Structures are given as C-alpha cells and as structure tokens.
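In what follows, a single structure is set out as structure tokens and then discussed.
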Amino acid sequence: MPLRRIKEGVYYVGALDWDRRMFDELIPLPQGTSYNSYFIQGTEKNALIDTVDPEKTYELLNNLHELDLKIDYIVANHAEQDHSGSIPILLDEYPDSLVVTNPKCRELLKNFLFIADDKFKTIEDRETLSLGDKTLEFIYTPWVHWPDTMVTYLSPYKILFSCDFFGSHIANSELYAHNIDEIHSAAKKYYAEIMMPFRSMIKKNLLKLSEVDISMIAPSHGPLYSSPQDILDSYQEWTSDETSNLVVIPYVSMHGSTKTMVEFLVNSLIKKGLNVKPYNLAQIDLGDFLSSLVDASTLVIASPTVLTGPHPLTVSNTYLINILRPKLKYVAIIGSFGWGSRMEDIIKTELSNLKVEYLDSISIKGLPSKEDLDKIDYLADQILEKHR
Ligand code: FEO
C-alpha cells in the first residue's frame, strides 16, 4: 500500500498482503489481510504505531523513506510478530529510536526478537507521551488477545490505534470501511477466530474504552473506521450474553447414516421455525463456521464412529470449539456406529470449557430407522422448547 495521509501529520505506512491465505497455519484468509502501521509527525517528536509482518518490511521502509523523517518512538501495541516483526530492522535504520510499550509486551519482544533492554521506553496504563502539538495516550487492554495488548489514543484527533482489537483480515485498496456489510462479515470472522475466547475480558475493555471520546478507529488489520459506532456496537453485540435462534450442526458422514440424520434434523428444525446452519466438516469454510458460533444458541455435533471414537475431523473441530469458548447454551451429540461407540463421552470430555446444558444424545446403529428419526424429531422439539 502506498503512503496515505489520514490527517495533517498522520499517515498510513503499512502494507496490504493480497496473497496470504493462512494465518497461524490455522485461520483461512480468503481476502488476504493487511498489516497497518501509522506514522505520526509532531512538532517535536515523531512516532510510528506498530510495524508490519517481516515479509512486508520492505513496503514499510519504502513508505518511511518517502516521508524521510526521523523516528523517535516505535510504539508496540502488541508483541505478535505480524505487528512487531519489523522492529529489529527499524532499530537498525533509526538507531536513535526507542520502542515504547508496556512491561508485558517488552518481555515478549525481548523473547521473540532479542531487542536490547536499552532500546525500550516502558509506559504505564493511561500514561501520555507528548510529540509537541500531538499527544499519545497508552491504554492497557489486556487479553485482546494476548496479555500484552494495549491501544494508543492520539490527541487532538481522537484516533484510537487499536492494533488487533476491532481488526479484520481483509486486503482492501479502500483505506476506510465503506462497504459495511463486507467489512462486518470479515470483522465477525476475525472476532470468532481471534477474540472469542476472551469475551469477558473484551467486555471489560469495551467498558474502559467507553470513557474515551473516539472519532476514528485505526486497527492494525483491515480498514479504518471513520464512523466507529458500527464496529463498537457489533463488539457489544458479539460479547453480550445474548444468543440468537440459531442451531449450528458440524457433521461428518462416511457412508450416509449420519448425513441422513443431519438432513432429517435440519428439515425438522426449519419446519419448526428455527434457523439452522449445517457444516460438512470435510469441506468446511472454517471462517464461516466459527463466525456462526459467535451468537448461536445450540450446537449439534454429528459424527460417525471410527474405531469406537468420533471421526478425527469431529475431534479436531470439537477441540477448536472448546478452546474458542463460544457463548453456546445447549449442545447435543448425534451419530451412528457399527458395533460400539464411546463417542458421546469423548466429545463431552473434549468440550470441558463450555458451560452448556446437554440435550439428549442420539446414537444409532447403522442406518436410522423410523424410530430413530422420531428421536431426532423429538430432539428438534427439545431445541425449539429451549429457544423459546
Ligand atoms: Fe495481528 Fe495478535 O496479531
């Protein structure tokens, strides 16, 4: 991304990554991503807010060379390498600059990047740093999504540089979020994949930020919000205790028995007026699937039995659901077996983080009979009753 002016003395100097398709070798990036970095020119001091993934250091340097200004402070809002990875090269290029961050981030940066002690300026929560005509305020926002995370607030422009908080994985030539539906979908996926396990901490941090007068949110992934209320409202909704009338059904089927059960359940739920999203785990879009869990009330895990346990695709996705801790209220387990199954116990053990009520499990031998389908219809009735 070329250098972009945001306000007088405030520039976007980061990079778009159109080609990246995976993050953490786990999270799909169908729309690529961006690593946003911002340069702030003050009358006395200049600061850079976050850097970029090491793969894109050359783009950041190109933008900084075009500006041709000194850097006094490199603010590290978060130590993860997609934002901090260029710091060592910047410290070589700008040897008089200091890395400004909190103690936790400092410790992580020393571990990950071998940055020397004398290159840091450590700040406290709500501490301010004058650049002359502009001031930075550092606000600790821990566990969004690491223990070190903080945001930086710029006066007098009221811009919140939020790093991962309010981010979205999307490479977009538009600097600002104009297509709200597209950005909302990307931001919700990002919340599901990165932020959802920390829902209660995010609530506390949203409350903390409600005291701050914010006119623009500039995250370190995805577009900027010149009208921040939309994304703030979305975060309030996603982190609330409210769930929607939605049943999510991740399933695997090897020879059709489990699929027959799932199709019957889906139709029965639809007839009863519930919203339902089945996901075939063998061909899943992980981002869509996890996004659906942000506000679903009920999860029905459907799996065939493999060597007395759930199918390995079920095991890995159940593990993921457990560590992401969606605010589900009800879970049911259904599936088929040939000669014996411990599937229900194994899945319930895997879901130990979830505080949910389990509905009746249905485990059938071979293809579902009329009586088995009646049990599935009864499960749909149970779900309907709970959603009421
Ligand atoms: Fe975008 Fe937690 O790094």
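Quick one: is PHE138 under 24 Å from TYR225 (Cα atoms) and buried (at least 24 other Cβ atoms within 10 Å of the Cβ)?
Numbers: under 24 Å from TYR225 (Cα atoms): yes; buried (at least 24 other Cβ atoms within 10 Å of the Cβ): no.
So PHE138 does not fit the description; no.
Every listed requirement among (1) touching an Asp or Glu at 6+ places or on another chain (Cβ under 9 Å); (2) closer than 18 Å to SER210 by Cβ; (3) of a type in the set (Val, Ile, Thr) is met by ILE159 save one, (1).
What number of residues within the range 202-217 are part of a helix (DSSP H, G or I) and more than 14 Å from the ligand (Cβ to nearest atom)?
Matching residues across the range 202-217 total 7.
Tell me, yes or no, whether the range 231-240 has at least one residue that is of a type outside the set (Gly, Ala, Ser) and in contact with a strand residue (DSSP E or B) (Cβ under 7 Å, 6 or more places away or on another chain). Explain how you work it out, then say what you get.
The first filter runs over the range 231-240 and keeps only residues of a type outside the set (Gly, Ala, Ser), leaving 231-233, 235-239.
Narrowing the set further to residues that are in contact with a strand residue (DSSP E or B) (Cβ under 7 Å, 6 or more places away or on another chain) leaves 231.
So far as the range 231-240 goes, yes, one or more of its residues are of a type outside the set (Gly, Ala, Ser) and in contact with a strand residue (DSSP E or B) (Cβ under 7 Å, 6 or more places away or on another chain).
Before we move on, is GLU174 more than 14 Å from the ligand (Cβ to nearest atom) and in a helix (DSSP H, G or I)?
Details: more than 14 Å from the ligand (Cβ to nearest atom): yes; in a helix (DSSP H, G or I): no.
When the stated conditions are applied, GLU174 does not pass them.
The lone criterion from (1) crowded, with 22+ Cβ neighbours inside 10 Å; (2) over 20 Å from PRO219 (Cβ atoms) left unmet by ASN62 is number (1).
Which members of the range 154-171 meet the condition of being among the polar types (S, T, N, Q) and within 15 Å of the ligand (Cβ to nearest atom)? Listed by number, the residues that qualify are SER162, SER168.
Read-outs: derived from the displayed coordinates by stated rules, not from any lab. Worth saying up front: this structure is predicted, and the values here are computed from it rather than measured. Every residue, glycine as well, gets a Cβ built from its backbone with ideal geometry; the counts of neighbours run over all protein chains shown.
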